[in-house]
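Structure first, then comments.
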Amino acid sequence: QVQLVESGGGLVQAGDSLRLSCAASGIAVSLSVLIWHRQAPGKQRELIASMSSGGATNYLDSVKGRFTISRDSAKNTVYLQMNGLKPEDTATYYCNVRYLALSHWGQGTQVTVSS
């Protein structure tokens, strides 16, 4: 059974940093496609960062240069380092791990950025 447990969200001020974690069990993050999504109130969920099994990364333009996706294979955990947070980054953040034809989601963690 695959389980993804997210942590690290919270209330911060503009300009602050946060690191989100997504601890995986039942699936190897090193073999999977890793994705972070976010959904702001009243808006559609958007893909903001991804990492292939080979380590290639991609970012939504609005977070490029501020957010970094990474993985720790030993801890089987995916991270999203978020620097220079802005009020428009306020959203619920979800990790998504994809292996073969299966896609697994975390429960989401709230990030609120005050101005």
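The values are calculated or read from the model by the stated rules, or taken from the named source; none is laboratory data. Nothing here was measured: the structure is a model prediction, and the numbers come from that model. Cβ sites come from the backbone with ideal geometry, for glycine too, and all protein chains shown count toward neighbours. Just the protein is used for accessible areas: all its heavy atoms, side chains included, with ligands, DNA and RNA removed. Shrake-Rupley method; radii C 1.70, N 1.55, O 1.52, S 1.80 Å.
Ranked by the mean number of other Cβ atoms within 10 Å per residue, highest first, peptides 78-85, 45-52, 8-15 order as 78-85, 45-52, 8-15. When the Debye formula is applied to the Cα atoms of segment 41-115, each taken as the same point scatterer, what base-10 log of I(q)/I(0) results at q = 0.12, 0.13 Å⁻¹? For the requested q values the scattering log ratios are -0.36, -0.42. Computed with a 1.4 Å probe over protein heavy atoms only, the accessible surface of the chain comes to 52 Å² per residue.
Placing unit charges on the Cβ atoms only, positive for Lys and Arg and negative for Asp and Glu, gives the chain a dipole magnitude near 120 debye about its Cα centre. Legend: translational diffusion of segment 1-53 by Stokes-Einstein, Rh = Kirkwood radius over C-alpha pairs, 20 °C, 1.002 mPa s; D = 163 µm²/s. Think of the chain as a dipole: +1 on every Lys or Arg Cβ, -1 on every Asp or Glu Cβ, centred on the Cα centre; then among Leu80, Ser62, Ala28, Ala28 lies furthest on the positive end. Based on the alpha-carbon gyration tensor of segment 69-110 and its eigenvalue square roots a ≥ b ≥ c, which shape applies: rounded if a/c is under 1.5, prolate if not and a/b is larger than b/c, or oblate? Judged from the Cα gyration tensor, segment 69-110 comes out oblate (a/c at least 1.5, b/c at or above a/b).
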